[in-house]
1. Which of the residues spanning region 215-246 are among the charged types (D, E, K, R), away from the ligand (no atom under 15 Å from the Cβ) and assigned to a helix (DSSP H, G or I)?
2. Which one is farthest from the chain's Cα centre (by Cα), of the residues in region 73-102 that are away from the ligand (no atom under 16 Å from the Cβ), of a type in the set (Gly, Ala, Ser) and surrounded by fewer than 22 Cβ atoms within 10 Å (Cβ to Cβ)?
3. Conditions: (1) of a type in the set (A, V, I, L, M, F, W, C); (2) surrounded by fewer than 21 Cβ atoms within 10 Å (Cβ to Cβ); (3) within 17 Å of the chain's Cα centre (by Cα); (4) not in a helix (DSSP H, G or I). Residue 119 meets all but one. Number of the miss?
4. Does residue 138 qualify as being out of contact with any helix residue (DSSP H, G or I) (no Cβ under 7 Å at 6 or more places or on another chain), at pLDDT below 95 and charged (D, E, K, R)?
5. Looking only at region 277-297, which residues are buried (at least 23 other Cβ atoms within 10 Å of the Cβ) and in contact with a His (Cβ under 8 Å, 6 or more places away or on another chain)?
6. Restricting the first residue to region 104-133 and requiring it to be closer than 18 Å to residue 151 by Cβ, which pairs with a second residue that is in a helix (DSSP H, G or I) and at pLDDT below 95 meet a Cβ separation below 7 Å and a spacing of at least six or different chains?
7. Going through region 207-239 one residue at a time, which ones are within 19 Å of residue 163 (Cβ to Cβ) and touching a residue at least 60 places away in the same chain (Cβ under 8 Å)?
8. Filter region 131-154 for residues that are in a loop (DSSP other than H, G, I, E, B) and surrounded by fewer than 22 Cβ atoms within 10 Å (Cβ to Cβ) and give the result.
Amino acid sequence: MKRREFVKSTLGTAVATGLSAGPLSNLAIGANRRIESEDINSRSSLKDEYDLHFLAIGDWGRNGADHQVQVAQQMGKWATEHPNDFIISTGDNFYPSGVVSEHDPLWHYSFENIYTDFALQWDWYPILGNHDYKSDPDAQVRYSNISRRWKMPARYYSKTFKIKDNDEVLIAFIDTNPLIPEFYQNSEYGPHVAGQQPEKQLQWLDHLLQSSKAKWKIVVGHHPLYTAGPRTENYDTLAVRKVLKPLLEKHRIPLYLSGHEHSMQHLKVQDNCFHQFISGSGSEVTPVKKGLSYSRFEASTYGFMYFALNQQQLQAQCIDHEGKMIYSTIIPLTI
Ligand SMILES: [Fe+2]
């Protein structure tokens, strides 16, 4: 707030001086300030001790049904009242069966007309879930050419963000669907995983994590490696764990974020280096199991997650469809 007030009073002084001293060109002399629009935006007063903030929502597109609208409204409210830089979608963006093209009406009914708050008009970084593979997954890539906020350059991609002292945060957005061997025989998923060369994606991820000098390296994929939901020992959970866990361990990745299970979870297997979060209750919810040794939090509750990080630590919070924060934890960067 202090910074905003200072900028305002500086502008007021300059205008008053110019009016009394003569031509407008005099205003430029000695007034070499660089005020950008974000400096005088009311959101600049929301700054906190963290350098990067993002929301994470998964498993959401149901034409507004089953609490999708309520969660969307609370996301908008939260992002209005807290710092936020972008939104991650952890996949299963459109139920029941993805979108058939970048012009599918579901873009309107399940996305544009649901996440309407101005605070949600910043960049969205989505990945593909299994339901997105029941129609044309590449239509979601092509939608990036139509929407300003939908940023999905490929089925898998990475983004690097600057934090303090030019340190970086690397986020690898991966496509877990081709990593599941059973999908190639599945009549719905098969045609769209065909030709995806999963080993090529794994090599890309290995090289990306190896070559990056980022302080934080985060991997986001639709399928979890572990879950306290119904799919604890399911074929997809086991398949993804088999190929991704060695890479996360090899590169000492501190955080893996997923969706797929319709709940919110924080899991940490004692011997693993990485924490795993699941944010998959953007609309429907499914049950969770209590008492698993590696589960630190699990809730069968509609909602979204909010992450904030700086050079030292990451804060993760779960917010429900009524706007109530139901879980908050701090993870120090020790790796
Ligand atoms: Fe899923």
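The values are calculated or read from the model by the stated rules, or taken from the named source; none is laboratory data. Note that the structure is a prediction, hence the values are computed from the model and not measured. Neighbour counts run over all protein chains shown; Cβ positions are idealised from the backbone, glycine included.
1. From region 215-246, those among the charged types (D, E, K, R) are 215, 217, 231, 233, 236, 241-242, 245; that's our starting set.
Imposing the further condition that a residue be away from the ligand (no atom under 15 Å from the Cβ) reduces the set to 215, 217, 233, 241-242, 245.
Passing the criteria: 241, 242, 245.
2. To start, the set of residues in region 73-102 that are away from the ligand (no atom under 16 Å from the Cβ) comprises 73-87, 100-102.
Of the ones still in play, those that are also of a type in the set (Gly, Ala, Ser) are 76, 79, 101.
Then drop every residue that is not surrounded by fewer than 22 Cβ atoms within 10 Å (Cβ to Cβ), which leaves 76, 101.
Details: 76: 14, 101: 23 Å.
Residue satisfying both the conditions and the ranking: 101.
3. (4)
4. no
5. Once the filter is applied, which keeps residues that are buried (at least 23 other Cβ atoms within 10 Å of the Cβ) and in contact with a His (Cβ under 8 Å, 6 or more places away or on another chain), region 277-297 yields 277, 278, 280, 281, 283.
6. Going by the 7 Å Cβ cut-off, there are no qualifying pairs.
7. 215, 216, 220, listed by residue number.
8. 135, 136, 146, 147, 148, 149, 151, 153, 154
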